[in-house]
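What follows is a single structure, written as structure tokens, with notes after it.
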Amino acid sequence: MSADAVATLAARLRAALRVTVLTGAGVSRASGVPTFRGAEGLWRQFRPEDLATPEAFHRDPALVWEWYAWRREMIAACRPNTAHDVLARWSETGCRVVTQNVDDLHLTAGTRNLVRLHGSIWELACANGCGQPRWRDERVPLPEVPPVCPRCSSLARPAVVWFGEGLAPEDVEAAMHACTCDVFLAVGTSSLVYPAAGLVGEARRGGAFTVEINTERTAASAQVDLAIQAPAEAVLLRVDELRTTNSEPRTLNRT
Ligand SMILES: NC(=O)c1ccc[n+]([C@@H]2O[C@H](COP(=O)([O-])OP(=O)(O)OC[C@H]3O[C@@H](n4cnc5c(N)ncnc54)[C@H](O)[C@@H]3O)[C@@H](O)[C@H]2O)c1
Ligand SMILES: [Zn+2]
């Protein structure tokens with residue numbers, strides 16, 4: 001982790017009035033939640049892109065539910081890590097957090113006004129669209145897989161946004177609104193899944209100082225003003241420490 005880059009980010013954050021953080025699966029990695037991309041994301045040789053679609057659910061709802069039941073079980077054993085904790089604290093002073101994660105670990109950490117672009121793995125919806133509002137069910141294991149809608153008894157589905165589906169308009173609006181900011185951080189996301197991946201460009205066009213924190217280089221690395229290649233939990237902790245100290249960092253003018 002470059003000390004200069006971290007000091008630059010801390011200085012930018014100290015001077016910023018409006019800060020927005022977009023998070024992805026990498027933020028939950030240190031909690032033990034596997035990311036989608038990379039070898040660890042494999043589940044019985046299926047690719048998430050082949051399971052997290054309306055077509056896959058239509059074809060084989062039991063298989064898709066088996067995969068979600070497995071993920072729910074894994075996530076249930078995970079606790080928020082330092083990255084979630086730091087962002088929850090920042091949200092208390094107005095930092096806006098927009099996440100692609102469906103694990104709700106930001107909520108568990110106490111993040112305020114969270115925008116969950118891709119829904120929640122802990123919420124269910126009627127696959128038949130009968131008008132039953134989505135409901136929360138945190139039971140692990142679920143007593144019945146696949147579960148059914150309490151109103152019309154047809155199949156229930158995870159209330160998450162699948163590949164090929166649109167995001168809730170109110171979430172998109174909130175995310176776009178959050179792009180108007182002084183500092184925009186994209187943390188632990190491969191920046192491949194749209195429209196979330198487009199937010200960093202949107203923020204940049206609006207004049208924000210854009211930063212990426214990721215263990216690897218991504219599609220966004222060349223686009224941002226500052227790319228920090230290191231684990232989110234370590235960087236955010238260090239930035240949080242520097243941000244709250246009064247001393248001016250030596251690298252203040254080095255952007
Ligand atoms: N935790 C979850 O809720 C979860 C987990 C997997 C996938 N998803 C879903 O998958 C889609 C995938 O998009 P995505 O971009 O969020 O995830 P992704 O799996 O495509 O990418 C994860 C990124 O995190 C980086 N990373 C891994 N460990 C890190 C760490 N400790 N610190 C910083 N970066 C780290 C990787 O280099 C990678 O670029 C989203 O739609 C999301 O809803 C969610
Ligand atoms: Zn129904």
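Details
- Residues in the range 26-53 that are open to solvent by less than 40 Å² (accessible area, probe 1.4 Å) and not in a loop (DSSP other than H, G, I, E, B): Gly26, Val27, Ser28, Ser31, Gly41, Trp43, Pro48, Leu51.
- So Val140, is it away from ligand 2 (no atom under 11 Å from the Cβ), within 24 Å of Ala88 (Cβ to Cβ), in contact (Cβ under 8 Å) with a residue 40 or more places away in the chain and open to solvent by 30 Å² or more (accessible area, probe 1.4 Å): yes
- Pick from the range 97-134, criterion over 24 Å from Arg37 (Cβ atoms) and basic (Lys, Arg), ranking: nearest to ligand 1 (Cβ to nearest atom): Arg134
- Boolean, Ala83 is open to solvent by 50 Å² or more (accessible area, probe 1.4 Å), in contact with an Asp or Glu (Cβ under 9 Å, 6 or more places away or on another chain) and more than 16 Å from ligand 2 (Cβ to nearest atom): no
- Residues in the range 77-92 that are out of contact with any strand residue (DSSP E or B) (no Cβ under 9 Å at 6 or more places or on another chain) and away from ligand 1 (no atom under 12 Å from the Cβ): 6 in all.
- Qualifying residue in the range 231-239 (condition: assigned to a loop (DSSP other than H, G, I, E, B), surrounded by 19 or more Cβ atoms within 10 Å (Cβ to Cβ) and more than 14 Å from ligand 1 (Cβ to nearest atom)): no
- In the range 161-179 there is no residue that is crowded, with 16+ Cβ neighbours inside 10 Å, more than 16 Å from ligand 1 (Cβ to nearest atom) and either part of a strand (DSSP E or B) or of a type in the set (Lys, Arg) (or both).
The values are calculated or read from the model by the stated rules, or taken from the named source; none is laboratory data. This one's a predicted model, so the numbers in the text were calculated from it and none came from an experiment. All Cβ positions, glycine included, derive from the backbone under ideal geometry; neighbour counts span all protein chains shown. Quick note on the areas: whole protein, heavy atoms, side chains included, nothing else; ligands and nucleic acids left out. Shrake-Rupley method; radii C 1.70, N 1.55, O 1.52, S 1.80 Å.
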